[in-house]
Structures are given as C-alpha cells and as structure tokens.
Amino acid sequence: MAPTTLPQTMKTLLQASRQSTEVIFTTAPVPTPTHPEDVLVRVHAAAPCAGELRWAVDFPDSVPTSKVLVPCQDLAGTVITSPANSGFAAGDRVYCRIDAGRAGAARDYALPRVSELAKVPSNLDWIKAAATPLSALTAWQAIFVQGTLDAAGIKGEAKAREQNAKVRVLVTGAAGGVGSWVVQLAALAGAKSVVAVCSGDKEEAVRQLGATEVVDYQKTTIADWVAEDAVREVDLVIDLIGGKTLAGCWAAVRTGGTLISINTPPDVVKPVGLDKPVAKSLFFIVEPLGSNLAQIGELIEAGKARPTVDSVWEFANFKAAFERLESGHAKGKIVIKVSDVA
C-alpha cells in the first residue's frame, strides 16, 4: 500500500479543562507515534462514554495531568503506520478502546497501542465497529473475568455449559450499550436465566438479545420484585447503574453469590443492617485488551452477537451527541462520525 501523505493539522474535540464538562471544536497537529506500541490510525468513527467528561475529577489517578483531553476512547478506523511485527499493517480496518489515561479518538488521527487493537469483523461498518469496544469489553470482563460464567461455554465446551447452566444472572441498565452485551454474552454462554432490568418499552429488544426475564423498573423495584418470590434470587449481578438501583441488587443476589458493579463499589450502598455474606462484591474498571476484543469479534463475525447503536451524529453536531449521552435514555451506543468514510 502506498504511503499516505498526512496533513499537518487535523480537526479535534477537546474538553475545555479537567474541571469542565464543556467540549470544544478546534484544530491541532496530527499526533506522532512516540511509544514503541503506538499505531497511527485514521479515525472514521468514535464513541463517547457516559460520565467520561467527569473522569479527570472523579478518577484523578486514572487521568494524568499530562493527558491531552480528547474525549471518546472508542474508535474505528484505518491503520496508517504501525510498529514492525505488530500484526497490523497500513490499510487494516481496526477498532479498539484507548486507555482512559491517554488522549481519545474524537479527532482525525489517534494513537491506540498494539495491545488495545483488534481487526474489525468483516460484517461491521465503521459506525457499528466504533459502538463495540467499551461496551463489549466491559460486559466480557464483568461476566467472564470478574464474574462466575465460563467463556468456554460460548464455544460449546460441555463442562463449561454444565456449570453455566446453574447460574442465574441479573443485569441493570440492560438495554444500554454495556447492558445489551451482558445480556447477549450471558445467553450465549448458556446461563440458566438472564434477568434484564430496564424500562418496559425496551422489553422486546432485550428479549431478542437473549433475556429470559424482564424487570420493569418503572413499575417495581428490584427488591420488591425479589420479595414476591424467593426463587427470583440470582447468582450473579452485573450492575451498570449504581445508586439506589445497586442498593436494590443486594436483595437480588443470593447468599454466596457475586455482585459486580462498573459504577460504584457495592459495599458503599449496601443496606444498613443487611447480613448477607457474598462470595464477591466488586467495583472494577475495564481493561482495554485487544485480545478480548478479538474474541468478541469472532462472535460478531459468526453472526452470534451484535452491537446496539442508539444514534449517529455528524462531527459538527458533537454537542447534541453528548447531550443525548448524558440524558441517560440511550438505547445502545451513541456514535460520532469523524470522517466522511463513515
């Protein structure tokens, strides 16, 4: 492939400051690889993450002061340059989650690292590819790394399927970007039941993804739902919401079960006086592993799983994209088109 002539400058979004949630449009020099694993990628689409504009304040240890505050850590794009023997070459279609400690992908060119990258499945366009990394990786690691389901069950391994068939899973925020992946992966792995907590208007969508039971949070609380029938208790809770919703999950998880949250340490909201020992209650932050993303890509390629896109926004309309994101009502991922190719 002929070398690409790069422009000197590019369009980019920037967070106004570490303390601000304002995002501005500007131009900046095209970044130059400096790390041995840096891959220069022409970005075609990028996806923001709820709450990311508050990370520098909320998680200062994860967002160094040296970070150039470009939002949107998820990208889909084309490799321009890559390290020798990296497994990636100029022209490759790639997607990834860039570590939160480095500049994101809401710009024409970005610098993901080899360990973060995977090749885009042939049946995904740029929009759906950008919608995949964070959501799918978070779900994968919550269920199979931090949780109690065995990923081998997805490929039909008998022992794993037998074990997974004993596990009831409940996921809050089930219709969102991460939640829709939790539902799909738990169902594919052969979980006994997949309980989706979402609004009633999203019931059909989550059932199509593999949910076997639905709790409409607009009509009942998780605690009240479980109180109606003790057999509704679950072995594994994946919480994506936090707050009162997570507190209610303590009623749903069985004694000896596992409670995972990507929002808040579960013990922080454990109801006062509740005496229910669990095997694990954990808050975790996703690792941007290209190896996990490649495994997810195999499922997408085989038609067994798919990303859920809420809406697509032109680069110039980025403010509306972030407003939609922060509304909390998205049905899947919000994606920003960065290049005309997308």
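Of all the residues in region 140-160, those that are more than 19 Å from the chain's Cα centre (by Cα) and either without any contact (Cβ under 8 Å) to a residue 24 or more places away in the chain or not assigned by TED's automatic domain parsing to the domain that holds Val278 (or both) number 6.
Considering only residues that are of a type in the set (Asp, Glu) and in contact (Cβ under 8 Å) with a residue 40 or more places away in the chain, look in region 24-60 and name the one that is nearest to Ala320 (Cα to Cα). Within region 24-60, the match that is nearest to Ala320 (Cα to Cα) is Glu52.
Look at region 124-170 and say how many of its residues are within 27 Å of Trp250 (Cβ to Cβ), touching a helix residue (DSSP H, G or I) at 6+ places or on another chain (Cβ under 8 Å) and basic (Lys, Arg). Result for region 124-170: 0.
Against the test of being surrounded by fewer than 19 Cβ atoms within 10 Å (Cβ to Cβ) and out of contact with any helix residue (DSSP H, G or I) (no Cβ under 7 Å at 6 or more places or on another chain), the options Ser115, Ser193 yield a single qualifying residue, Ser193. Remark: Lys337 falls outside the filter, which requires a residue to be surrounded by 14 or more Cβ atoms within 10 Å (Cβ to Cβ) and either within 15 Å of Val23 (Cβ to Cβ) or modelled with pLDDT under 95 (or both). The C-beta contact set for region 292-318 (first residue in a helix (DSSP H, G or I), second residue surrounded by fewer than 22 Cβ atoms within 10 Å (Cβ to Cβ) and aromatic (Phe, Trp, Tyr), distance under 9 angstrom, 6+ apart or interchain) comprises Asn292/Phe144; Phe315/Phe25; Ala316/Phe25; Phe318/Phe25.
Set side by side, the residues Lys270, Lys202, Lys159 differ, and just one is charged (D, E, K, R) and more than 27 Å from Lys304 (Cβ to Cβ), which is Lys270. Within region 257-275, restricting attention to residues that are within 22 Å of Gln141 (Cβ to Cβ) and small (Gly, Ala, Ser), the residue that is farthest from the chain's Cα centre (by Cα) is Gly257. Of everything in region 259-291 that is of a type in the set (Gly, Ala, Ser) and assigned to a strand (DSSP E or B), the residue that is surrounded by the most Cβ atoms within 10 Å (Cβ to Cβ) is Ser261.
Filtered by the rule that a residue be loosely packed, with under 15 Cβ neighbours inside 10 Å and either free of Cβ contacts under 8 Å to residues at least 40 places away in the same chain or of a type in the set (Phe, Trp, Tyr) (or both), region 61-72 gives Asp61, Pro64, Ser66.
Here is a yes/no grid of residues against (1) at positive phi; (2) in the same structural domain as Ala16 (by TED's automatic domain parsing); (3) in contact with a Gly (Cβ under 6 Å, 6 or more places away or on another chain):
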position	(1), (2), (3)
Arg254	no, no, no
Gly273	yes, no, no
Asn292	no, no, no
Glu298	no, no, no
Glu301	no, no, no
Glu314	no, yes, no
Asn317	no, yes, no
His329	no, yes, no
Gly332	yes, yes, yes
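Within region 51-72, how many residues are touching a strand residue (DSSP E or B) at 6+ places or on another chain (Cβ under 9 Å) and part of a loop (DSSP other than H, G, I, E, B)? Residues flagged as touching a strand residue (DSSP E or B) at 6+ places or on another chain (Cβ under 9 Å) and part of a loop (DSSP other than H, G, I, E, B) within region 51-72 amount to 5. Right, Val70: at pLDDT below 95 and either within 23 Å of Glu326 (Cβ to Cβ) or under 20 Å from the mean Cα position of the chain (by Cα) (or both) or not? No: the conditions fail for Val70. Take Leu75 and decide whether it is closer than 17 Å to Val341 by Cβ, touching a residue at least 40 places away in the same chain (Cβ under 8 Å) and in the same structural domain as Ala321 (by TED's automatic domain parsing). Yes. For region 124-180, filtering for residues that are of a type in the set (Gly, Ala, Ser) and over 21 Å from Gly104 (Cβ atoms) leaves 14. Considering only residues in region 204-225 that are in contact with a Leu (Cβ under 9 Å, 6 or more places away or on another chain) and of a type outside the set (Gly, Ala, Ser), the one that is surrounded by the fewest Cβ atoms within 10 Å (Cβ to Cβ) turns out to be Glu213.
Screening the candidates Glu233, Glu228 for the property of being under 19 Å from Ile143 (Cα atoms), over 22 Å from the mean Cα position of the chain (by Cα) and assigned by TED's automatic domain parsing to the domain that holds Val178 yields one hit, Glu233.
The values are calculated or read from the model by the stated rules, or taken from the named source; none is laboratory data. No experiment lies behind these values; they were computed from the predicted model shown. Don't worry about glycine lacking a Cβ; one is built from the backbone with ideal geometry, like all the others, and counts go over all protein chains shown.
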